[in-house]
Amino acid sequence: MQTLDNTLAKTHLLRDNNHRGKLIYIMMWMLIPLTLLGILSDYQEYRLISKAMDGAFISTAEAAANDNRQMIVGLLMLGFNVALIVSFIQWFRRAYYNAHALQIPFLSYNEGRAAGSWFIPFANLYQPYKIATEIWDGFHYALEKWIPGHLTPGRAFIVIWWLLFIVTNFIGNLVSRFYIGSDTIGELHTASLFNMYSGIIGITAIIAVLYYIRKMRHLEKQLQQAASEQANHPLPWVAE
C-alpha cells in the first residue's frame with residue numbers, strides 16, 4: 001500500500017459518517033411502510049370517488065372520514081419526510097466533505113453545494129446526482145491508490161435511483177396541481193390514481209437509494225480500515 005500524502009495527513013481531518021449513515025439507512029427503511037400506508041389511504045379515497053362517480057350515495061360521514069384520514073396520513077408523511085431530508089442532507093454533505101478531505105482531484109463543487117444544490121431550481125435536477133457520483137468515484141479513487149488491484153465498480157444504480165427520484169417528484173408535483181385546481185369529481189379521481197402511482201414509483205426509488213447508502217457505508221469502512229494500516233501517516237478520522 002502507498003502511504004498517505006503528507007499534506008493530507010497534516011492538514012485534513014476526515015469526519016466519521018457512520019452514525020449519520022446508520023440513522024438515514026434506518027429512516028429510509030421506515031419510509032417504505034409509511035409510503036405503503038399512503039398508497040393504501042389513496043386507494044381508499046380512489047374507491048370512494050369511484051363509487052360516487054358510479055352514482056352511489058356517499059354520506060357526509062364517509063366523506064369526512066376520508067378527508068380526516070388523508071389529512072392525518074399526509075401530516076405524518078410530511079413530518080417524517082422533513083426529518084428524513086434533513087438527516088439525508090447531513091449525511092450526504094459529510095460524505096462530500098470527506099471526498100474533499102481526501103483531495104480527490106475531480107470534484108466539481110465545494111462541500112456546501114452538497115446541501116444547497118437540492119434547493120436550487122433546475123440545478124437540483126442534476127447537481128445532487130453529479131455529487132453522488134463524485135463521492136462514489138472519489139472514495140474508490142482513494143482506495144485504488146491504497147489497495148493494489150482495487151477496481152471502481154459501475155454506478156448504473158445511481159442513474160436508476162436519480163431517474164426514479166425525478167419521476168416521483170414530477171408526478172408528485174402534478175398531483176398537487178390536480179388537487180389544488182380540481183373542480184370536478186373526475187379530476188379528483190385522476191389525482192388519487194396518480195398519487196398511488198407516485199407512491200409505487202417512490203418505493204422503487206427508496207430501494208435504489210438504500211442500495212447507494214449501504215454501498216457508501218461499506219466504502220467508508222473500507223477507507224477507515226485502509227487508513228489504519230498506513231503506518232507512517234494514519235488517516236485522522238475523528239468522531240461526530
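Worth pointing out:
- Loop-located chymotrypsin sites (Phe, Trp or Tyr not before Pro) in segment 38-85 (DSSP state other than H, G, I, E, B) with a sparse environment of at most 15 neighbouring Cβ atoms within 10 Å: PHE57.
- Think of the chain as a dipole: +1 on every Lys or Arg Cβ, -1 on every Asp or Glu Cβ, centred on the Cα centre; then among LEU40, GLY116, THR204, GLY116 lies furthest on the positive end.
- Degrees separating the helix 185-228 axis from the principal Cα axis of the chain, which is the longest one: 10
- Tilt relative to the chain, helix 156-181 - C-alpha long axis, 0 to 90 degrees, to 10: 30
- The HN-Hα couplings worked out from phi for segment 87-102 by the Karplus form 6.51 cos²θ - 1.76 cosθ + 1.60 (θ = phi - 60°) are 5, 5, 5, 4, 5, 5, 5, 5, 4, 6, 4, 5, 4, 5, 5, 6 Hz, whole numbers, x standing for Gly and Pro.
- Gyration tensor (Cα) of segment 6-238, equivalent ellipsoid semi-axes in angstrom: 45, 16, 14
- For the chain, calculated [θ]222 nm from helices alone, where every DSSP H run of n ≥ 4 adds -39500 (n - 2.57): -26500 deg cm²/dmol
- To the nearest ten degrees, helix 18-53 and the longest principal axis of the Cα atoms of the chain are 20 degrees apart.
- Charge tally in the Cβ shell below 13 Å around HIS140, where Lys, Arg are +1 and Asp, Glu are -1, HIS140 excluded: -1
Every read-out reported here was derived from the displayed coordinates using simple, explicitly stated rules and does not represent laboratory data. The structure presented is a predicted model; accordingly, all values stated were derived computationally and were not measured. With ideal geometry, Cβ positions are generated from the backbone for all residues, glycine too; neighbour counts draw on all protein chains shown.
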